[in-house]
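Accompanying notes for the structure given below.
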Amino acid sequence: MTQDTTFHHGDVSTDVRPIIEMTDIEKHFGNIIALAGVSFDVRPGECHCLLGDNGAGKSTFIKTMSGVHKPTHGTITIDGKPMNFSSPRDAMEAGIATVFQDLAMIPLMSVTRNFFMGREPTIGRGPTKRMDVQKMNETAVEEMRKMGINLRGPDQAVGTLSGGERQTVAIARAVYFGARVLILDEPTSALGVRQTSNVLATIDRVRKQGVGVVFISHNVRHALAVGDRFTVLNRGKTLGTARRGEITPEQLQDLMAGGQELAQLEGSLEGTV
Amino acid sequence: MAETIQPAIQAAKDERLKKEGIGSRLMKRPELGAIAGVILVTTFFLITADGAMFTLSGIMNFMTPAAQLGILAIGAAMLMIGGEFDLSIGSMVAFAGLIFGACTVTLGLPLILAIPLTLAVAAGIGAVNGTIVLKTGLPSFIVTLAFLFVLRGASLVGLKIASGGSTQLRGVRDAVEDDWLAPLFSGDAFGPIFAWLAQIGAIETFKNGAPKVPGIPVEILWFIFLALVATYVLLRTPQGNWIFAAGGDRNAASNSGVPVRKVKIALFMLTAMCGALVAIITVMDSGSTDARRGFMKEFEAIIAAVIGGCLLTGGYGSAIGAFFGAIIFGMVTIGLTYTDFDQDWFQIFLGGMLLIAVLFNNYIRKRVTGER
Ligand SMILES: Nc1ncnc2c1ncn2[C@@H]1O[C@H](COP(=O)(O)OP(=O)(O)OP(=O)(O)O)[C@@H](O)[C@H]1O
Ligand SMILES: [Mg+2]
């Protein structure tokens, strides 16, 4: 379904200033060193893939980018200015929206309430300032439809959605609010074929609008289909960054798996992995 | 925009959606259980109780304690929806009563100062409660349990100091009687209307022509007002959405940009201020304050909130539900005196109601979340 050739790749020139630049990020949880000095940047209009084995530190890294974790060491700059996010809200206000691996959805709340959680549009002023419920419902339904899912109703509780539907709500929400940077942490892990290509097409669409996309995936084909640059993490460190065309799918796959084991496995499975 | 939306909504009415009857849609409202409870209890007393219970004066009779509890229950419900408990609100009523008494009697302050001061002290203690809970990550249950004792003890000690050795502080009525703010917090409202209604014979009167019910006790008006405001906030404002989110899943809410800390601390402050409001109203009503004020009210308030559909795990519930939960409480406490039943049935009834409510809510939650 999604061949490498599906999308046009914006040739992002290296001299464009990054929207967000993370330098030498370290993150310690007690005595656990989750990140041991990772540098990463996102330029407008590119899709920068973050790859790596389970536990490599990808989620931890993007959580420092979206204000959930404070880095133990290292600097974050936005448009060249040093930033210090004290909460996810700060990062959102800087135009960074994230689909977390655990989705950050509240099962007991409706799709609409989840969609706008923390960023509710309002009408009226003073004491009559209230949520614009109609606009919220319409937007939620419409954005979900764009992602290929027809909601039964915007007031359906998220807990009653299927895993993929839930993931789609999270993606639609981030795309809607991701004004400058869109971070997707394994957004397609529960998605069907049609919804996956929809997500990849959406990445392509927002990239063309100048949004910088950070895309985490374990699927090399998905990464290669939309990625402009690929950074591989291994055990909390960067293994390196490659530009599109500089690396073959096989090389990338081996890097992601941390080396030889996969090659052996592939042999025993007769190349089906 | 509207045209592009139409097909989406049309498509939303898809073939995989069974027609949902109004019944099953109502089932999903958290307050349904409490409304059913009110109907049940009303029916019960209509059959068993003296007819006097449902006259105007009988209704005021059970609505007054219902309102006093209800103000607490609405605060407790908001806090429970936000995912926390406050077991110290009962003691807060006593403590705020002491502060209010000390302000008015000992310091001789006018209400315009005494009331904001009492509310501010309560809010401050609520903020302390909330800050400890959020900073330490301990369950609010245990932190506020400590404050249940601390505040009760502080009320006793403080009363002895303020009154010179007694556990009761008298003279509040004399101190505030003529204050221009007093009618907002004590006595009955709409007196002239009731007098007029009595005159034209629309309501019951005593022999001398004075109405049996001189007006609506102010706490009932506060109760209704707070229930409406709380419902509006929960259902229609961003802050309401934040409360549901903070209680539903703290991490998810915070990661989505909800200022969870602020929301929860504000809720602790609000609950404490509800306690202070009840203290102000009841102390002005009785003219004195004592250390037993608000005893066990924390549990009754939480029970009313649970009957009203609040989940103990947070993230779900309603203020209107707590409103009806408190009315059930008032009806049962007072209603039993209109029947041949022994008053002591009250607690059995209460426990039974709570159990049924929790079972019912559990079932509802599973329906709402699709049993995941
Ligand atoms: N809050 C935390 N406390 C302690 N250790 C943590 C915490 N969060 C992450 N870690 C550790 O940091 C390491 C990296 O975790 P992370 O979730 O970033 O991996 P990942 O690359 O996203 O993996 P996956 O592909 O499985 O999602 C893991 O070893 C994990 O145990
Ligand atoms: Mg991860």
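Any read-out appearing in this document is the output of simple, stated calculations on the displayed coordinates, not a laboratory observation. Worth saying up front: this structure is predicted, and the values here are computed from it rather than measured. Heads up, the Cβs are rebuilt from the backbone with ideal geometry, glycines too, and the neighbour counts pull from every protein chain shown.
A few notes on this one:
- Here the residues B:Leu151, B:Leu277, B:Leu235, ranked from fewest to most Cβ neighbours within 10 Å of their Cβ, fall in the order B:Leu235, B:Leu277, B:Leu151.
- Under a Gaussian network description of chain B, with springs only between Cα atoms under 10 Å, the residue in B:Met284, B:Met296, B:Met269 that fluctuates furthest is B:Met296.
- Pairs beyond 27 Å (Cα-Cα), from A:Lys81/A:Lys208; A:Lys27/B:Lys135; A:Lys81/A:Lys146; A:Lys63/A:Lys129: A:Lys81/A:Lys146; A:Lys63/A:Lys129
- With Cα atoms, 0 to 90° folded angle of helix A:193-208 axis to chain A main axis: 90 degrees
- 12 Å beta-carbon shell around A:Ile33, net charge (K/R +1, D/E -1): +2
- Against chain B, whose longest principal axis is taken from its Cα atoms, helix B:2-12 shows a tilt of about 80°.
- Check: the protein assembly as shown dipole with +1 on Lys, Arg Cβ and -1 on Asp, Glu Cβ, in debye: 380 debye
- Global geometry of the stretch B:120-277, whether rounded, prolate or oblate, following the gyration tensor of its Cα atoms and the 1.5 cut on a/c: oblate
- ³J(HN,Hα), Karplus 6.51/-1.76/1.60, whole Hz, each residue of the stretch A:165-180, x for Gly, Pro: 4, 5, 4, 5, 4, 4, 5, 4, 5, 5, 4, 5, 9, x, 6, 10
- At the listed q of 0.15 Å⁻¹, the Debye profile of chain A, built from one uniform point per Cα, gives log10 I(q)/I(0) equal to -1.15.
- Convex hull of Cα atoms in the protein assembly as shown, direction-averaged projection (nm²): 36.4 nm²
- Relative to the longest principal axis of the Cα atoms of chain B, the long axis of helix B:218-236 lies at roughly 20 degrees.
- Convex hull volume per residue, computed on the Cα atoms of the stretch B:33-369, equals 150 Å³.
- Among A:Leu182, A:Leu151, A:Leu108, the largest mean-square fluctuation in a Gaussian network model of chain A (Cα springs under 10 Å) belongs to A:Leu108.
- Whether the stretch A:80-158 is rounded, prolate or oblate, judged on the alpha carbon gyration tensor where a/c under 1.5 counts as rounded: oblate
- Span per principal axis, largest first, for the Cα atoms of the stretch B:143-213 (Å): 54, 30, 24
- Residue among B:Thr205, B:Gly70, B:Asn255 farthest towards the positive dipole end of chain B, charges placed on Cβ: B:Asn255
- When both the stretch B:171-213 and the stretch B:310-372 are represented by their alpha-carbon centers, they are found 33 Å apart.
- Distance between the stretch B:228-282 and the stretch A:44-69 - C-alpha centres, whole angstrom: 33 Å
- Here's the picture: a label point sits 7 Å out from the Cα of A:Ile33 along the beta-carbon direction, and within the stretch A:233-258 the residues with their amide nitrogen under 20 Å of it are A:233-241, A:258.
- Dipole orientation for the stretch A:45-136: of the candidates A:Gly124, A:Met92, A:Gln134, A:Gly124 has the Cα lying most toward the positive pole (charges on Cβ; Lys, Arg +1; Asp, Glu -1).
- Within the listed set B:Thr271, B:Thr64, B:Thr313, the Gaussian network model of chain B (springs between alpha-carbon atoms below 10 Å) gives the highest mean-square fluctuation for B:Thr313.
- Charging the Cβ of each Asp and Glu at -1 and of each Lys and Arg at +1, and nothing else, the dipole of the stretch A:53-145 about its Cα centre rounds to 300 debye.
- The stretch B:20-158: C-alpha pair distances exceeding 17 Å, %: 72 percent
- When only the Cβ of Lys, Arg, Asp and Glu is charged (+1, +1, -1, -1), the dipole of the stretch B:33-369 relative to its Cα centre reaches about 1040 debye.
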